[in-house]
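Presented below is the structure to which this report refers.
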Amino acid sequence: MVYKLFDLRIDGSLGKAATLVSRGEGRFDVELRNADLMTTLAKLALLNQAGGLPTEIAGLSTDGNYLVVKQPLAKEIPDQTAGSRLLKQNQHKALGMMYGLLPETTTCSRTVGVLWLNGEGWLVTDLHERNIMLDDRNRPSVIDALVAPVPVEYLRDCRWLRNAVDDARCLREGRPITRIEFGEGVSDDDL
């Protein structure tokens, strides 16, 4: 069993939230901001719905300074450290449990995953070694992360993001991932 504490800050924020932002010319990145209680609870619910490890809200600490949550099925992964090959493998596996994926290339300054849920694409980040644990069947699973909806208008301008959202949608819907490259299936004379 793993407990997590989200500390209540002096400004009233509780945890962090992520936003996907455009940097122009088809480049995008993730910005972090302070979250409030409702944003943090919505994030935990979305991760649970997507297939992350179930999270139970234990309540507030007696001093009111922490939201206490627990993952009763979670176990730490030995030897999983920041930047390790094991962590990268487990990020892939944990996102796969949520029908998501880690794009091979992005324009983001931090590791991001992508998943499809409730009819829209979601960016998943903050996939560090303490946010990926083993479930009760010893499978790597996400216990916490930051999520951000992918604005539809960004898909026009960003190929890696468009492809990742399309692939995540295929995974969620149980369809094979297929992509037609330019000129594929077309004769040279027709080009």
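The values are calculated or read from the model by the stated rules, or taken from the named source; none is laboratory data. Treat the numbers as computed from the prediction; the structure is a model and nothing was measured. All Cβ positions, even for glycine, are placed from backbone atoms using ideal geometry, and neighbour counts span all protein chains on display. We work out accessible area using only protein heavy atoms, side chains counted, and drop any ligands, DNA or RNA first. Shrake-Rupley method; radii C 1.70, N 1.55, O 1.52, S 1.80 Å.
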key: Matching strands (runs of 3 or more DSSP E) fully within region 24-97 where at least 3 residues are aliphatic (A, V, I, L, M)   = 56-60, 66-71
ask   = L101: open to solvent by less than 60 Å² (accessible area, probe 1.4 Å), over 15 Å from the mean Cα position of the chain (by Cα), modelled with pLDDT of 95 or more and aliphatic (A, V, I, L, M), yes or no?
value = no
request  = Go through the residues of region 114-131 one by one and say whether even a single one is in contact with an Asp or Glu (Cβ under 6 Å, 6 or more places away or on another chain), modelled with pLDDT of 95 or more, open to solvent by less than 40 Å² (accessible area, probe 1.4 Å) and in a strand (DSSP E or B).
outcome  = no
task = Inspect all residues belonging to region 104-111 and state whether any of them is out of contact with any helix residue (DSSP H, G or I) (no Cβ under 7 Å at 6 or more places or on another chain), outside any loop (DSSP other than H, G, I, E, B) and either more than 14 Å from F28 (Cα to Cα) or β-branched (V, I, T) (or both).
result = no
query = Pick from L60, L32: which is out of contact with any Pro (no Cβ under 7 Å at 6 or more places or on another chain) and either modelled with pLDDT under 90 or buried (at least 19 other Cβ atoms within 10 Å of the Cβ) (or both)?
reply = L60
query = What is the one condition in (1) closer than 26 Å to P140 by Cβ; (2) open to solvent by less than 60 Å² (accessible area, probe 1.4 Å); (3) not hydrophobic (A, V, I, L, M, F, W, C) that Q49 does not satisfy?
reply = (2)
inquiry  = Would you confirm, using the coordinates I've provided, whether Q71 is among the polar types (S, T, N, Q), touching a Pro at 6+ places or on another chain (Cβ under 9 Å), more than 30 Å from T105 (Cβ to Cβ) and crowded, with 18+ Cβ neighbours inside 10 Å?
reply    = yes
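Within region 74-83, how many residues turn out to be over 15 Å from D136 (Cβ atoms) and surrounded by 13 or more Cβ atoms within 10 Å (Cβ to Cβ)? Explain how you work it out, then say what you get.
Filtering region 74-83 down to residues over 15 Å from D136 (Cβ atoms) leaves 78-83.
With the extra rule that they be surrounded by 13 or more Cβ atoms within 10 Å (Cβ to Cβ), the set shrinks to 80.
Result for region 74-83: 1.
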task = Keeping to region 150-166, report how many residues are more than 17 Å from L95 (Cβ to Cβ) and open to solvent by 50 Å² or more (accessible area, probe 1.4 Å).
result = 6
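When you scan region 59-81, how many residues do you find that are more than 30 Å from D11 (Cα to Cα) and either in contact (Cβ under 8 Å) with a residue 40 or more places away in the chain or among the aliphatic types (A, V, I, L, M) (or both)? Show your work before the answer.
The initial filter retains those residues of region 59-81 that are more than 30 Å from D11 (Cα to Cα), namely 72-81.
Now drop any that are not either in contact (Cβ under 8 Å) with a residue 40 or more places away in the chain or among the aliphatic types (A, V, I, L, M) (or both), which leaves 72-77, 80-81.
Of the residues in region 59-81, 8 are more than 30 Å from D11 (Cα to Cα) and either in contact (Cβ under 8 Å) with a residue 40 or more places away in the chain or among the aliphatic types (A, V, I, L, M) (or both).
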note = When G174 is run through (1) open to solvent by 30 Å² or more (accessible area, probe 1.4 Å); (2) more than 14 Å from G100 (Cα to Cα); (3) not basic (K, R), the failure sits at (2)
